[in-house]
Amino acid sequence: GQPPPNIDEDDCLLEYCHLFSVQSAQDKVAFIIGGGSEIGFLIAQVFMRHSCHMVIASRSLPRVSTASKKLVAAKGQWCLPLSLDVQDPPTIIVAVDEVLREFGKMDILVNGAAGNFPCPASTLSFNAFKTVLDIDAAGTFNVSHVLYEKFFQDHGGVIVNITVTLGSWGQVLLIHAGAAKAAMDAMMCHLAVEWGHGNIRVNILAPGLISGTKGFQQLGGPQASRILHFLRSPLQRAGNKIIAHSALFLASPAAFVTGAVLVANGGMWLTSPNN
Ligand code: HXC
C-alpha cells in the first residue's frame, strides 16, 4: 500500500483507523513523558483511541495543557496534563503521586523526553554534552526509578523508551545523542533483567527520521547535507509519526517481549555508509 500521509502539526487526526482492537488498552493508565508534542503526542492519541487513560507530562505545563485539550476534544475522555523535569527527581515524585491520586494505578510508562541538536564534537561545550545525557539517559533512569518505587515494584508494568539507533555506530555531529542513546540501550537491557521477575517489561522504540518532528527540522539547516545521507534507506523516504502505533504493540500484554529494540527507521541502518 501507499505510505500514510505526513502529520506535520500537533493536531489530532481527523480520521482514525484502529490498528488494534478498540479495547486493547482499556482501563490501562499510561504516563507519557514528552506527550505534549510530536511522536509523544501521537502515542498519546493512539493509546487514547484504544481506550487508555492518559497522563502527559513535560517541562512545559502550557504545552501539555494545550495538547490535553486537543486530546479530550478528539476523544471525549480525560487526559491529565502535568509538568515535570526529568532532570529533577522531586518534580517527578510530585507528578507520580498526583497520577496515583487521580487514577489509583499506573500501567504503562513511555519515556519520550529528549533533547538534541547537531553539533561537531570539537565545538560542543561540556555543558551541552552533559545536558543531553542528563535529559535522555539520566532522565529515563530517574522517571523509571520513581515509577518502580511508587507502583511498578508491587504491581508490574511496561516501560517503553523512545530513542534513536545512534548508540552502536558512528555518526557525525551527534556524539552527545549517540552517547545518551547508548546509555538508554544499556539501561533497557539491565532493567529488563533486574525487574523482569516483577512482571515489568522494558523495551525501546527507535524511530529514524520522522517527518514533522524537531529532529527532522534540525536536519534542514546548514548541517543538512552532512546528515541527509540518512535518507539513503531501503524505503528511501522519511518515516511518519504514525509509527507511534509501535508503542502500543510494545505496551500490549500480547507482546511477550522485553529487552528488545523495535527499530522503525525504514531499514536505514542497513544502507547508510556512515552507520
Ligand atoms: C550547540 C547548544 C545548542 C546547539 C544548546 N546548546 N543548543 N550547543 N549547538 N544548537 C548548548 C547550550 O549553549 C548550553 O551549553 C547547553 O547546550 C544547554 O543548553 P540550554 O539551552 O541551557 O539547555 P535546555 O534549556 O535544557 O535545553 C536543552 C536542549 C534543547 C537539548 C539544548 O534543545 C531542548 O530542550 N530540546 C528539546 C527538544 C528537542 O531537542 N527535541 C529533539 C529531540 S530529537 P553552555 O555551555 O552554553 O552552557 C532526538 C532524536 C535525535 O532526540 C535525532 C537526531 C537526528
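The values are calculated or read from the model by the stated rules, or taken from the named source; none is laboratory data. Just so we're clear, the structure is a prediction, and the values are computed from it rather than from any experiment. Note that each Cβ is placed from the backbone with ideal geometry, even for glycine, and that neighbours are counted across all protein chains shown. The protein model used for the area step is the full one, side chains on, heavy atoms only, and it has no ligands, DNA or RNA in it. Shrake-Rupley method; radii C 1.70, N 1.55, O 1.52, S 1.80 Å.
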* Structure fact -> Picking from Ile43, Ile39, the residue that is part of a helix (DSSP H, G or I), in contact (Cβ under 8 Å) with a residue 40 or more places away in the chain, within 16 Å of Asn161 (Cα to Cα) and open to solvent by 10 Å² or more (accessible area, probe 1.4 Å) would be Ile39
* To do: Collect the residues in the stretch 145-173 that are within 14 Å of the ligand (Cβ to nearest atom) and in contact with a strand residue (DSSP E or B) (Cβ under 7 Å, 6 or more places away or on another chain), keeping them in residue-number order.
  => Asn161, Ile162, Thr163, Val164, Thr165
* **Residues satisfying the stated conditions in the stretch 108-144, i.e. more than 7 Å from the ligand (Cβ to nearest atom), part of a helix (DSSP H, G or I) and without any contact (Cβ under 8 Å) to a residue 24 or more places away in the chain** => Lys130
* Sort through Ala74, Ala25 and tell me the only one that's under 14 Å from Val110 (Cβ atoms), touching a Cys at 6+ places or on another chain (Cβ under 6 Å) and either at pLDDT below 95 or open to solvent by 30 Å² or more (accessible area, probe 1.4 Å) (or both). => Ala25
* Asked: Does the stretch 174-181 contain any residue that is within 28 Å of Lys28 (Cβ to Cβ), among the charged types (D, E, K, R) and either within 14 Å of the ligand (Cβ to nearest atom) or touching a residue at least 24 places away in the same chain (Cβ under 8 Å) (or both)?
  -> yes
* Within the stretch 166-184, which residues are open to solvent by 40 Å² or more (accessible area, probe 1.4 Å) and not in a loop (DSSP other than H, G, I, E, B)? -> Ile175
* To do: From the list Ile200, Ile210, pick out the single residue that is closer than 30 Å to Asp27 by Cβ, of a type in the set (A, V, I, L, M), under 19 Å from the mean Cα position of the chain (by Cα) and modelled with pLDDT under 95.
  => Ile210
* Asked: Across the stretch 46-56, what is the number of residues that are outside any helix (DSSP H, G or I) and either under 19 Å from Lys241 (Cβ atoms) or more than 18 Å from the chain's Cα centre (by Cα) (or both)?
  -> 5
* To do: Output the residues belonging to the stretch 230-261 that are aliphatic (A, V, I, L, M) and open to solvent by 20 Å² or more (accessible area, probe 1.4 Å).
  => Leu231, Leu235, Ala238, Ile242, Ile243, Ala254, Val257, Ala260, Val261
